[in-house]
Each structure stands twice: as C-alpha cells, then as structure tokens.
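Single-structure report; data block below.
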Amino acid sequence: MKTIYFLYALPFIAFVSCKEEKKTAISTPPQEVLQVEKADSLTAARIDSTQISKPLEYKGNFKEGFRWKDKTGEYIVVTSETGIYRNESSSREIGDSADAEVFASCYSLGNNQQIWKVNDFVKDCPVDIVAEFTKNSLAVTDLDKNGTAEIWMTYKTVCHGDVSPSNMKIIMYEGTNKFAMRGESRLQYGIDDNNKPLFEGGKYTFDKAFKDGPGVFREYAEKVWNKHMNEQ
C-alpha cells in the first residue's frame, strides 16, 4: 500500500485537558493545517490536544493523536503519559518509590463511545522509571486493504537501577481486535575484538493474533520494532 501525504484542514474540536481536569476551549476554530495520510480505503490526520472534543477524555499528558475515517465510521485515538509521579493514596512497599503510566484511548465519533483502551504502568519503583511511548510511533494504516484501519503504537516500560534494556511492546488494533508484540529494547554495551558492536536485548515474540493474522501485519511490526528498539 502506498501512502500519499497532503495538507488538510480539520474542523475544530474542543479541548479536554489531562490530569483529570477538564477545560473549555476557545469558541473559534483553529486555523491549523495538519498532515493527512490517505490510502485507498481510509483518510487519517494527525491532531493535537486542542482538537479533542469535550465528551472525550484521557488521562495524563497528551502525546499523540489521530483522527480517521474508514468503512466502519469515524474515530479518534489519543496516546498519553503521566510521567513519573507519586500516588500518596496508595500503599507502598518502599518509601521513596514512584509510579508512571501510559494510556491509549480510541473513541467512535459517531456516538462518542470508547471502542478500546490500553493502560500499562510501572508501580512502586524506587529507582529509575521509564513508561513512555516512542516518538512518532502512533500510526494508522490499512495494510490488508479491507477498509478497516489498523492503529499502531509502541512504548517502553522499566524499573531499573542499572543500564539495561527496557520492556518494549507494539500494540495494534484492527477494529476491536488486539495484536501484541512483546520483548526488550536493544542496548549496545561494548565492542568485540573486531570492533563490532555488542548488544543486549532486542528479541521479541508475536502473540497468537499476530501469528494467525495476515503476514503483512508481522512484516510491518518488525519494521517498526527495528526502528524503535535501540536505546539512545
């Protein structure tokens, strides 16, 4: 499938903030021109936090968003992160520990109903915490050209006090069907006698949905994994 990029002005949608606080947007539509991805069976455009309508909510800090239309309807997806925080209301095994979470929420714009959600986290961690989406990893495709969009996201989580790989996941939804690819990020820890880099991590496994699904899904997932697996 070839993806074509062009410019497209999205209609205004009101603003909903993160961290459980609701805000009302200005009443005039933003004059933003955003990137649109168009395939044979869908049109998808990146959005920002000012284009999330009031009935739709998300937790944490806005990371990325897409709005798209396929043969089943019109939808919006938002990824968000809390960053590292301390939940004083929860019991803790370690006094100085903290938490971090990532979220993804998909809504139908036909009825403002949530279609699916993703929530992963690191809890009660006293050392270094990572719980974040990789940059620009949210994507909308129709690889199998069946008219139903596939929504992709990649994120890493870890609680560690040393230099080591993170847990890494690629989650994809086609409609309400979930696909997951799980493993570790890759970290270079040295070079061998021939000056070739030595790596730790980078391995992954596909869940049953990916294994039983179209091969084009696995091929795309492997490309995304290789793009985002290296730790900086």
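Any read-out appearing in this document is the output of simple, stated calculations on the displayed coordinates, not a laboratory observation. Computed from a predicted structure; not experimentally measured. Because the Cβ atoms are built from the backbone with ideal geometry, glycine has one as well, and the counts that use them run over all protein chains shown.
Annotations
- In this calculation the C-beta distance from ASP96 to LYS145 is compared with R0 = 30 Å, giving a FRET efficiency of 0.05.
- Given in Å, the Rg to one decimal and the Dmax to the nearest whole number for the Cα atoms of the range 148-232 are 14.7, 50.
- Calculated FRET value between TYR189 and LYS135, using beta carbons and R₀ = 25 Å, to 0.05: 0.60
- P(r) histogram, all alpha-carbon pairs of the range 65-199 included - 5 Å bins from 0, percent: 2, 9, 16, 17, 15, 13, 11, 8, 6, 3, 1, 0, 0
- Order of LEU198, LEU187 under a 10 Å beta carbon neighbour criterion, fewest first: LEU198, LEU187
- Placing R0 at 45 angstrom, the Cβ-Cβ distance between VAL216 and ASP124 gives a FRET efficiency of 0.65 after rounding to 0.05.
- Structure note, pairs LYS69/LYS156; LYS63/LYS117; LYS123/LYS203; LYS71/LYS227; LYS196/LYS223: Cα-Cα distances above 18 angstrom occur for LYS69/LYS156; LYS123/LYS203; LYS71/LYS227; LYS196/LYS223.
- Only Lys, Arg, Asp and Glu carry charge here, each on its Cβ (+1 for the first two, -1 for the last two); on that basis the range 91-227 has a dipole of about 420 debye about its Cα centre.
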